[in-house]
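As structure tokens, the structure follows; a few thoughts come after it.
The values are calculated or read from the model by the stated rules, or taken from the named source; none is laboratory data. The model shown is predicted, which means the values in this text are computed figures rather than measured ones. A quick note on method: Cβ atoms are made from the backbone with ideal geometry, for glycine too, and the neighbour counts reach across all protein chains shown.
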Amino acid sequence: MANLEIVQIPVLNDNYVYLMHNHDDKVTAVIDPAVSKPVLEVLKEKGWTLTHILNTHHHGDHVGGNLDLKDATDCLIVGAAVDAKRIPGIDVEVGDGDTFLFGSAEATIYFTPGHTTGHICYHFANEKILFAGDTLFAMGCGRLFEGTPKQMWQSLNKLRNLPGDTVVYCAHEYTEANGKFALSIEPENNDLQHRMTEVRKKRAMNQPTVPFTIEDERVSNPFLRPESLPLQENIGMTGKEKHEIFAKVRQLKDNF
Ligand SMILES: [Zn+2]
């Protein structure tokens with residue numbers, strides 16, 4: 001297992017950019033640099049040299065710092081092959097099931113369309129780390145700007161099946177609002193109630209609620225819980241297909 005250190009950098013309103021340093025091989029990646037300046041500042045502080053940018057998708061608040069950082073550091077930019085035209089400065093094009101070596105640490109790429117048609121996630125299986133971009137949020141998921149509900153359900157189901165102790169780093173602090181919605185459609189869920197109490201405490205102290213684990217999501221994220229009978233009943237979808245239940249939950253959240 002590689003010795004990885006991750007620094008969480010809050011930027012813009014509610015974005016998280018992550019710097020990840022591999023102490024074994026002295027390589028450093030930034031995941032979804034919305035902006036460049038705070039990234040360069042942390043690099044300097046830490047004495048790390050940027051070697052890679054890992055992009056999950058093409059939205060401006062994920063790739064906005066790509067070209068500045070490439071100019072400043074000559075790093076390699078990794079992104080989805082299917083979205084190569086929309087990822088500024090892309091050097092390494094990857095697709096579903098591909099592996100990517102970050103020094104000695106190996107990431108498997110998951111193609112997770114739904115939020116956009118070219119979204120990917122980076123899974124470091126040995127280190128139990130997932131960079132989920134805007135696919136999976138704490139108690140939520142990304143809006144469906146380009147994909148269909150069925151695609152997004154399939155994408156989320158892939159992530160749901162990862163080991164429960166996988167630590168998930170997503171790109172936004174949306175947790176408290178997501179939790180309020182989750183409670184509105186599954187108020188009897190004890191794990192959810194419990195989690196929201198913790199989340200409210202953290203947010204009141206302006207602390208991040210990210211990262212979290214896959215297990216946290218299985219028990220409290222309504223988008224991953226189409227099998228929950230109380231949830232099905234509360235939204236009038238008893239006995240429907242999982243992707244249909246997901247679609248209804250997404251639609252309710254969009255109008256919440
Ligand atoms: Zn996005």
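Some points to look at:
- Residue within the range 134-154 that is in a strand (DSSP E or B), buried (at least 22 other Cβ atoms within 10 Å of the Cβ), touching a strand residue (DSSP E or B) at 6+ places or on another chain (Cβ under 8 Å) and modelled with pLDDT of 95 or more present: yes
- Filter pass, LYS240 being surrounded by 14 or more Cβ atoms within 10 Å (Cβ to Cβ), free of Cβ contacts under 8 Å to residues at least 24 places away in the same chain and assigned to a helix (DSSP H, G or I): no
- Taken over the range 194-225, the residue count meeting the criterion of being without any contact (Cβ under 8 Å) to a residue 60 or more places away in the chain and closer than 25 Å to ILE245 by Cβ is 8.
- For THR238, the conditions (1) farther than 16 Å from CYS141 by Cα; (2) in contact with a Phe, Trp or Tyr (Cβ under 7 Å, 6 or more places away or on another chain); (3) not basic (Lys, Arg) are fulfilled apart from (2).
- Subset tally (residues that are assigned to a helix (DSSP H, G or I) and farther than 27 Å from ALA204 by Cβ) for the range 155-193: 6
- Check on ILE77, away from the ligand (no atom under 16 Å from the Cβ), buried (at least 17 other Cβ atoms within 10 Å of the Cβ) and more than 16 Å from the chain's Cα centre (by Cα): yes
- Screening THR117 on (1) within 15 Å of the ligand (Cβ to nearest atom); (2) touching a residue at least 40 places away in the same chain (Cβ under 8 Å); (3) not small (Gly, Ala, Ser) shows it passes everything except condition (2).
- Counting only residues that are within 16 Å of the ligand (Cβ to nearest atom), buried (at least 23 other Cβ atoms within 10 Å of the Cβ) and without any contact (Cβ under 8 Å) to a residue 40 or more places away in the chain, the range 28-52 holds 1 of them.
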